[in-house]
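Asker: Structure provided below as structure tokens; questions to follow.
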Amino acid sequence: MTKAREQYSADKHVCGDGEVCVGVGCDFRGGSTAVLEDGTRWVGDGATHFFSPNDCPFCTCQPAQWPWHRCSRTLVGARAQLMRALNGRYEILGFGSRMLHVAALALERGAGFQWGSQVCAADRRSGPFCLFRPVSACGKAPIAACTNPMRLGVGGAACFDWGLGPNVLPAVNTSPPWADEAPLSLRLMTEKHGDVRSQMQASLTGQPLAGSHGPDHAPTRVLLIDEVDVFLDPNFFGGVYRPSLTIGDERVSKLMRAIWNDPSQKVTDLPEYAGLFKKPAVIFKGDQKKHGFEWYAQSAALDMQRAAADFKKKPQVRGSDYQLIDGWVWYKQQDGLVRSDKLTYMWMTNCVYLDLCDKGSISEEQLLDHGLHLYAVCGEFSYALLPSTERYSDHVPAFYKFILGVTGTLREGRLPREARELLEDEIRIKHMTYCPSMYGPCVRDWDPASKDNVKVSESKNEHFLMITDEISRRLKPTSQSYDGKRSVLVFFESLDELQAYFDSSFFRRFQDGANRLTEAACNQPDERASLISKATRQGQVTLATRSFGRGIDFVVDDEHMLTVGGLHVLLTFFPRDVQEEVQIMGRGARQGQKGSFSLMLRSDQLEDLAGGKASADDIKAWLSDSTLYEKMSEIRSAQAAADMKERLEKAEDAKKQHEEAAAALNAFSSSGGRDSSQLSKLLRKYNHVGGSTTSRTLMLIDVTYSMNSLIEKTKSCIGTFFDRCQKVLDAENIASGFALQIAGYSNYNVDVERIVEASTWEAKPHNLAQFLGQLETRGGWGEEAIECGLMHALAEHKSCPIDQIILIGDASANSLSDMAHKRKGGHHGGERYWSSARPSWAPSGIAQKEAVQVLNDIQQVKPVPVHCYHMHDRAVESFEKMAAVTGGGSAQRLDVNSASGAQALTDAVCKQILSSLGGQALADAYERMKPSFSR
């Protein structure tokens, strides 16, 4: 970079390299344009950035009185400088804007870059994910640009497009690996391990590899990340990327149609099944030289048969969360829609297309063009290995040269010790620098020991009244000598809670002028920006979901509003992660401005969160002596340590699966496609289905707020359930198969669609993992609506008999009086809402029946044992009573929060599944084989 500059005026100067920038103290607002000497146009966004006065690469400012000075050099100029630094040698991946400036400096100082003259274009759309690569020699559009982020679910800050949305992604991507549609996970895997899907397809069809599908020569990469702590999210660290292969062919379509027409027939006897092996084969049957894949064709046909039978029993439910547009099925995902060739639910997607064709909604031609495929999961790849700067093994190289990033939750008290250790030991982030604010110390009014700042209510109505009183109090100026009003920003744990409060009589006086910041209300960027801007106006009340508590700048431009006290942030729940609390609190009192923060909580939700470590009496006592926040923080810290330990174990297992897949792919590609033995073993692991299903197990779990640990452990163990059960069956030479469904129940303070949510019946874990990944805790309220979960079981049992029910929870079932009270006051629609609801699991209406009564109804259809696992002493009596009703059922303690919680859960579920297939003998076989599972 040329340091010489010619000052043209007090507020503008032109750098020696021709860039227009703004001097100290100036403001380059959005809409202003700078034109570089090569004709590239940049638009300013008004951002302000900070650098050490001795190292600022953007201006010649003299050291100021602050340790860090203010540089108003625009984002425009910063990005240009950063891309000049690349000089065609590095690819930069990152999102946000503030880290780009720090990175430009770090690249120059730490990576030995020389500022070059080549300007690299970048995608300047509104998406926060930016991928920079050098432009072609003619200066046209960038080689690659990705602004299609998949959120981690950790808040409003968008994050890497790792491909975290669907766990099972579509097959052959017709776009190049750097196109917007390709998630970063796929791009990185392709570079390091070759074209995964092409290699899998060549292996399955017995065809030679066409061209080079092995690892590519990848550019050296630097990873820039805003909010480094998103690495710690359980959906990322410990999560896996599962690419899937789709195989489309006229013969495949005929087989899928034949199975759909009559799911009861023996699929391997169909002539359409035999047609798969005729040359040129869709599936290679095998010969003396190569392993065959007839087992895969049989497994695929059985999968389709099971899906078709299940779909036809409940067509109104299965695969219903989609829209039909121009003959294509578009699935709902987060705030948008994804076409079925990009996001598929595999065999269930086939059924959706066939059902639409039967109804005349799509033509036969559209059916053949858009649906009806064979599907194969190609392995699992660890997200935790992607942000790596060191080689994991001979088969798994490092993905990045080094990592740079920023976060506001790095200090002690904001980031748990275990989380810091994970960043240091696993992500290898070794150097952490704290930059003091040029605005001086924070002036937020927040004292956690003050009874004015932390309050607790006993009931939902009392909670709503308390929130309203707090809004009224905080709208007033902080001093009686001031006129005017403040603004209040209220955060809720869920959309259900927000909507229930908004519709309640308690909020009626604020309804007309209030804003609601929800994902649905902010579909369009303009709408989002408008609502965020309005939130800081005088007298404004804004209700927001927790996702807007991170990465959103609520800027207060009104000086008078700051005079009367600034923005007040009101949090209506106690976050499980301290990082979330810090981020939400940080939406107010920003950049030295006045502001305040308070917590309005509910006693039963605190009990649920504490998981048996705090009773209602404890909470009252802590509130009385002003130690509630301190005590709950201690409980939260202990939970964070346990969660992090479990996350590390899950990540280690994911890394092993990644290594196994990488080794198989490398062996196949290095042999030119001749050695498919390891790939065959890998494909069999993820796609083999045993014989016909002879056992069906419904796993019914409590998904209220206190059960986060159970859900996380179930997510991490779901693959283990299937793997261990299959190993025992294979060892005992039993060809029988089993199917598992997971259903979550909550309570009457959520919508009817969410009081019971269920997966499809599955013989493999992948779709169950996807279902669990989308399942969120909700609606805790003392005794829980187990009766609704059992009504779902009754509906399934009538459709096709269930062999056993595994019930896991930490609270008793609702009594009749509980139901009457909660149905009346839990949902904003009241009893009228619940009595008129007609969900698929209760088509005649949701009766007010105790759980034991519903179990009796189940037994009248066909006796089914119910195995109850209670996680808290308060549930013991209720669970024992339910188990006794079924005859053959059991009730026992299950401590998933212990150090061996995941093992205990796995043992409980696997032994029950195996017992349903072969009695106590298979359960004993499981115990004998347990030592081998850990090897």
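The values are calculated or read from the model by the stated rules, or taken from the named source; none is laboratory data. Note that this is a predicted model, so its numbers are computed, not measured. Note that each Cβ is placed from the backbone with ideal geometry, even for glycine, and that neighbours are counted across all protein chains shown. When the accessible area is computed, the model is the full protein with side chains, heavy atoms only, and any ligands, DNA or RNA have been set aside. Shrake-Rupley method; radii C 1.70, N 1.55, O 1.52, S 1.80 Å.
Asker: Of (1) part of a helix (DSSP H, G or I); (2) buried (at least 20 other Cβ atoms within 10 Å of the Cβ); (3) modelled with pLDDT under 95, Ile259 satisfies all except one. Which?
Answerer: Every listed condition holds for Ile259 apart from (3).
Asker: Select from region 755-765 the residues that are of a type in the set (Gly, Ala, Ser) and either outside the structural domain of Asn708 (by the TED database) or closer than 26 Å to Gly918 by Cβ (or both) and write down the one among them that is surrounded by the fewest Cβ atoms within 10 Å (Cβ to Cβ). Spell out the reasoning first.
Answerer: First, pick out the residues of region 755-765 that are of a type in the set (Gly, Ala, Ser): 758-759, 763.
Filter again for either outside the structural domain of Asn708 (by the TED database) or closer than 26 Å to Gly918 by Cβ (or both), leaving 759, 763.
Details: Ser759: 19, Ala763: 21.
That would be Ser759.
Asker: Moving on to the next point. In region 851-868, how many residues are open to solvent by less than 10 Å² (accessible area, probe 1.4 Å) and closer than 14 Å to Leu698 by Cβ? Even if it seems obvious, please write down each step before you answer.
Answerer: Looking only at region 851-868, we keep the residues that are open to solvent by less than 10 Å² (accessible area, probe 1.4 Å), and these are 851, 854-855, 858, 864, 866, 868.
If we keep only those that are closer than 14 Å to Leu698 by Cβ too, we end up with 854-855, 858, 864, 866, 868.
Of the residues in that region, 6 qualify.
Asker: A follow-up question, please. Select from region 575-603 the residues that are open to solvent by 10 Å² or more (accessible area, probe 1.4 Å) and more than 16 Å from Leu489 (Cα to Cα) and list them in ascending order.
Answerer: Within region 575-603, Arg576, Asp577, Val578, Gln579, Gln591, Gly592 meet the criteria.
Asker: Among the residues of region 538-551, write down those that are open to solvent by 10 Å² or more (accessible area, probe 1.4 Å) and under 28 Å from Thr409 (Cβ atoms).
Answerer: The first filter runs over region 538-551 and keeps only residues open to solvent by 10 Å² or more (accessible area, probe 1.4 Å), leaving 538-540, 545-547, 550-551.
Of everything in region 538-551, those that are open to solvent by 10 Å² or more (accessible area, probe 1.4 Å) and under 28 Å from Thr409 (Cβ atoms) turn out to be Gln540, Thr545, Arg546, Ser547, Arg550, Gly551.
Asker: Do we find that Gln848 is in contact with a helix residue (DSSP H, G or I) (Cβ under 6 Å, 6 or more places away or on another chain), on the phi < 0 side of the Ramachandran plot, in the same structural domain as Trp781 (by the TED database) and open to solvent by 20 Å² or more (accessible area, probe 1.4 Å) in this structure? Steps first, please.
Answerer: On the way: in contact with a helix residue (DSSP H, G or I) (Cβ under 6 Å, 6 or more places away or on another chain): yes; on the phi < 0 side of the Ramachandran plot: yes; in the same structural domain as Trp781 (by the TED database): yes; open to solvent by 20 Å² or more (accessible area, probe 1.4 Å): yes.
Yes; evaluated as a whole, the condition is true for this residue.
Asker: Given the structure, is Glu607 modelled with pLDDT under 95 and not assigned by the TED database to the domain that holds Pro477?
Answerer: Details: modelled with pLDDT under 95: yes; not assigned by the TED database to the domain that holds Pro477: no.
So Glu607 fails the test.
Asker: Pairs under 6 Å by beta carbon, first residue farther than 14 Å from Lys485 by Cβ in region 538-559, partner assigned to a strand (DSSP E or B) and open to solvent by 30 Å² or more (accessible area, probe 1.4 Å), six or more apart or different chains?
Answerer: The qualifying pairs are Leu543/Arg516.
Asker: Please work out if Trp781 is open to solvent by less than 10 Å² (accessible area, probe 1.4 Å) and of a type in the set (A, V, I, L, M, F, W, C). Walk me through it before giving the result.
Answerer: Details: open to solvent by less than 10 Å² (accessible area, probe 1.4 Å): no; of a type in the set (A, V, I, L, M, F, W, C): yes.
Considered against the rule, which asks whether it is open to solvent by less than 10 Å² (accessible area, probe 1.4 Å) and of a type in the set (A, V, I, L, M, F, W, C), Trp781 comes out as no.
Asker: Do you know which of the residues in region 481-518 that are closer than 24 Å to Arg754 by Cα and of a type in the set (Val, Ile, Thr) is surrounded by the fewest Cβ atoms within 10 Å (Cβ to Cβ)?
Answerer: For region 481-518, the residue satisfying everything is Thr518.
Asker: So which residues in region 705-754 are among the small types (Gly, Ala, Ser) and either closer than 30 Å to Ser815 by Cα or open to solvent by 10 Å² or more (accessible area, probe 1.4 Å) (or both), if there are any at all?
Answerer: So in region 705-754, the residues among the small types (Gly, Ala, Ser) come out as 706, 709, 716, 719, 731, 735-737, 739, 743-744, 746.
Scanning region 705-754 gives Ser706, Ser709, Ser716, Gly719, Ala731, Ala735, Ser736, Ala743, Gly744, Ser746.
Asker: At least 1 residues that are within 28 Å of Leu495 (Cα to Cα) and touching a residue at least 40 places away in the same chain (Cβ under 8 Å) in each: list the strands (runs of 3 or more DSSP E) lying fully within region 803-911 that qualify. Explain how you work it out, then say what you get.
Answerer: Values: elements: 804-809, 866-870, 890-893.
Qualifying strands (runs of 3 or more DSSP E): 804-809.
Asker: Return yes or no: is Leu372 in contact with a strand residue (DSSP E or B) (Cβ under 8 Å, 6 or more places away or on another chain), in a loop (DSSP other than H, G, I, E, B) and in contact (Cβ under 8 Å) with a residue 24 or more places away in the chain?
Answerer: Details: in contact with a strand residue (DSSP E or B) (Cβ under 8 Å, 6 or more places away or on another chain): no; in a loop (DSSP other than H, G, I, E, B): yes; in contact (Cβ under 8 Å) with a residue 24 or more places away in the chain: yes.
So Leu372 does not fit the description; no.
Asker: Here's something else I'd like to know. Could you check, for region 266-278, whether at least one of its residues is at pLDDT 90 or above, in contact with an Asp or Glu (Cβ under 6 Å, 6 or more places away or on another chain) and either within 30 Å of Leu648 (Cβ to Cβ) or of a type in the set (A, V, I, L, M) (or both)?
Answerer: Scanning region 266-278 turns up no residue that is at pLDDT 90 or above, in contact with an Asp or Glu (Cβ under 6 Å, 6 or more places away or on another chain) and either within 30 Å of Leu648 (Cβ to Cβ) or of a type in the set (A, V, I, L, M) (or both).
Asker: Now for a separate question. Test each condition in (1) touching a strand residue (DSSP E or B) at 6+ places or on another chain (Cβ under 8 Å); (2) on the phi > 0 side of the Ramachandran plot for Leu245 and report the one that comes out false.
Answerer: (2)
Asker: For region 906-930, what are the residues that are open to solvent by 20 Å² or more (accessible area, probe 1.4 Å), over 33 Å from the mean Cα position of the chain (by Cα), farther than 17 Å from Cys868 by Cα and of a type outside the set (Asp, Glu)?
Answerer: Hits for region 906-930 are Leu917, Gly918, Gly919, Gln920, Ala921, Arg928, Met929.
Asker: If you don't mind, there's one more thing I want to ask. Might you check whether a residue that is outside the structural domain of Val578 (by the TED database), open to solvent by 10 Å² or more (accessible area, probe 1.4 Å), among the acidic types (Asp, Glu) and part of a helix (DSSP H, G or I) occurs anywhere in region 668-682?
Answerer: no
Asker: For region 675-714, give me each residue that is farther than 23 Å from Asp730 by Cα and free of Cβ contacts under 8 Å to residues at least 60 places away in the same chain.
Answerer: Matches in region 675-714: Asp675 only.
Asker: Let me ask something else about it. Does at least one position in region 555-576 carry a residue that is closer than 30 Å to Ala614 by Cα, in a strand (DSSP E or B), out of contact with any Pro (no Cβ under 9 Å at 6 or more places or on another chain) and of a type in the set (Ser, Thr, Tyr)? Let's see the steps before the verdict.
Answerer: Of the residues in region 555-576, the ones closer than 30 Å to Ala614 by Cα are 568-576.
Next cut, in a strand (DSSP E or B) only: 568-571.
Of the ones still in play, those that are also out of contact with any Pro (no Cβ under 9 Å at 6 or more places or on another chain) are 568-571.
Filter once more, keeping what is of a type in the set (Ser, Thr, Tyr): none.
Within region 555-576 (the criterion being closer than 30 Å to Ala614 by Cα, in a strand (DSSP E or B), out of contact with any Pro (no Cβ under 9 Å at 6 or more places or on another chain) and of a type in the set (Ser, Thr, Tyr)), the answer is no, since none of the residues qualifies.
Asker: Turning to a different aspect of this structure: Counting just the residues of region 604-663 that are surrounded by 17 or more Cβ atoms within 10 Å (Cβ to Cβ) and polar (S, T, N, Q), which one comes out nearest to Phe237 (Cα to Cα)?
Answerer: Within region 604-663, the match that is nearest to Phe237 (Cα to Cα) is Gln657.
Asker: Run Gln770 past the list (1) touching a helix residue (DSSP H, G or I) at 6+ places or on another chain (Cβ under 8 Å); (2) over 18 Å from Glu831 (Cα atoms); (3) open to solvent by less than 10 Å² (accessible area, probe 1.4 Å) and report the number of the one that doesn't hold.
Answerer: Failing condition for Gln770: (1).
Asker: Of the numbered conditions (1) part of a loop (DSSP other than H, G, I, E, B); (2) touching a residue at least 24 places away in the same chain (Cβ under 8 Å), Lys655 satisfies every one except a single condition; which is it?
Answerer: For Lys655, the failing item is (1).
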